[in-house]
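Enquirer: Sharing a structure, written as structure tokens. Questions coming.
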Amino acid sequence: MGAHRFHGDERRFEVTADFIAARFPQARTAADVAGGQGMLARRLRKRHNIDCDVVDPRGWVLRGVSSRVEEYRVDMAGYYDVIIGLHPDDALREVVNSARVRPVVVVPCCNFWLRDIKLSRDELLDAIEKHHAAFGTSERVVLDFRGPHNRALVLRPARGLRPIRPSSIGCAVP
């Protein structure tokens, strides 16, 4: 990774990029929500030829990384083949709700799900899966980098249903 310094296991970018490419071989575009400097986006582009935008209001991306300096909204999901939330912080609910439209890989690190109730890592994963159950399928995956925040959910839209227009979802949570 060179001279770039990060909190946590630096391998998370490589491992997550490889997982995305293997799990979604047809993907050509991705959104890396709250992607910070853009190391995941850079890896997806250079190693797997997946065009990836970092969607993050902080605007901290490295030179050469495609980015949108704004908060991620669920209505953006329709522009991408896959949505990635590797520790998406405040954007967690928007990332999860995007799975009604597009496949999502989310690795939550903090409880930005319920502001008034503290959830453990596993309780947070349970709450997200329960929420998404009405809209599609979920699968738990342990990514091969140091944890404890290496538990991912792969969320997919329900099959056989009419496609949902991203604009019809809005930001409201049922």
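The values are calculated or read from the model by the stated rules, or taken from the named source; none is laboratory data. Every value quoted in this text rests on a predicted model; they were computed, and no experiment measured them. Glycine also receives a Cβ, built like all others from the backbone with ideal geometry; neighbour counts cover every protein chain displayed.
Enquirer: Report, by residue number, each residue of the range 55-90 that is assigned to a loop (DSSP other than H, G, I, E, B) and more than 20 Å from residue 37 (Cα to Cα).
Expert: In the first step, residues of the range 55-90 are kept if they are assigned to a loop (DSSP other than H, G, I, E, B); the result is 56-66, 69-73, 80-81, 87-88.
Answer for the range 55-90, where residues must be assigned to a loop (DSSP other than H, G, I, E, B) and more than 20 Å from residue 37 (Cα to Cα): just 81.
Enquirer: For residues that are of a type in the set (D, E, K, R) and within 14 Å of residue 33 (Cβ to Cβ), scanning just the range 91-136, find the one that is surrounded by the fewest Cβ atoms within 10 Å (Cβ to Cβ).
Expert: Applying the filter and picking the extreme gives 93.
Enquirer: Keeping to the range 142-174, report how many residues are modelled with pLDDT of 90 or more and over 16 Å from the mean Cα position of the chain (by Cα).
Expert: Within the range 142-174, residues that are modelled with pLDDT of 90 or more and over 16 Å from the mean Cα position of the chain (by Cα) number 3.
Enquirer: Out of all the residues in the range 20-42, is one or more closer than 19 Å to residue 108 by Cβ, free of Cβ contacts under 8 Å to residues at least 24 places away in the same chain and either touching a Cys at 6+ places or on another chain (Cβ under 6 Å) or of a type in the set (Asp, Glu) (or both)?
Expert: Checking the range 20-42: not a single residue is closer than 19 Å to residue 108 by Cβ, free of Cβ contacts under 8 Å to residues at least 24 places away in the same chain and either touching a Cys at 6+ places or on another chain (Cβ under 6 Å) or of a type in the set (Asp, Glu) (or both).
Enquirer: Yes or no: residue 113 modelled with pLDDT under 95, of a type outside the set (D, E, K, R) and over 23 Å from residue 141 (Cβ atoms)?
Expert: Answer is no for this residue.
Enquirer: Report yes if some residue within the range 101-108 is within 20 Å of residue 11 (Cβ to Cβ) and in contact (Cβ under 8 Å) with a residue 60 or more places away in the chain; otherwise report no.
Expert: yes
Enquirer: Next question, about the same structure. Across the range 32-56, what is the number of residues that are surrounded by 19 or more Cβ atoms within 10 Å (Cβ to Cβ), over 12 Å from the mean Cα position of the chain (by Cα) and at positive phi?
Expert: 2
Enquirer: Being closer than 24 Å to residue 43 by Cβ, surrounded by fewer than 13 Cβ atoms within 10 Å (Cβ to Cβ), over 13 Å from the mean Cα position of the chain (by Cα) and at pLDDT 95 or above is the requirement here; does residue 139 meet it?
Expert: Yes.
Enquirer: Determine which member of the set 31, 21 is closer than 24 Å to residue 142 by Cα and in contact with a His (Cβ under 8 Å, 6 or more places away or on another chain). It would help to see each step written out before you state the result.
Expert: Working: 31 fails: in contact with a His (Cβ under 8 Å, 6 or more places away or on another chain).
Of 31, 21, the one residue that is closer than 24 Å to residue 142 by Cα and in contact with a His (Cβ under 8 Å, 6 or more places away or on another chain) is 21.
Enquirer: Scan the range 14-31 for residues that are surrounded by 20 or more Cβ atoms within 10 Å (Cβ to Cβ) and either touching a Pro at 6+ places or on another chain (Cβ under 9 Å) or among the aromatic types (Phe, Trp, Tyr) (or both) and jot them down.
Expert: 27
Enquirer: Sticking with this structure for a sec: Go through (1) under 23 Å from residue 146 (Cα atoms); (2) over 14 Å from the mean Cα position of the chain (by Cα); (3) crowded, with 18+ Cβ neighbours inside 10 Å; (4) not aromatic (Phe, Trp, Tyr) and name the single condition residue 83 misses.
Expert: Checking residue 83 against (1) under 23 Å from residue 146 (Cα atoms); (2) over 14 Å from the mean Cα position of the chain (by Cα); (3) crowded, with 18+ Cβ neighbours inside 10 Å; (4) not aromatic (Phe, Trp, Tyr), the one that fails is (2).
Enquirer: Give me the pairs: first residue in the range 115-127 and without any contact (Cβ under 8 Å) to a residue 40 or more places away in the chain, second residue exposed (fewer than 14 other Cβ atoms within 10 Å of the Cβ) and not in a helix (DSSP H, G or I), beta-carbon distance under 8 Å, and six or more apart or on different chains, which are they?
Expert: What qualifies is 121/148; 125/140; 127/114.
Enquirer: Follow-up. Is at least one residue of the range 71-80 aromatic (Phe, Trp, Tyr) and touching a helix residue (DSSP H, G or I) at 6+ places or on another chain (Cβ under 7 Å)?
Expert: yes
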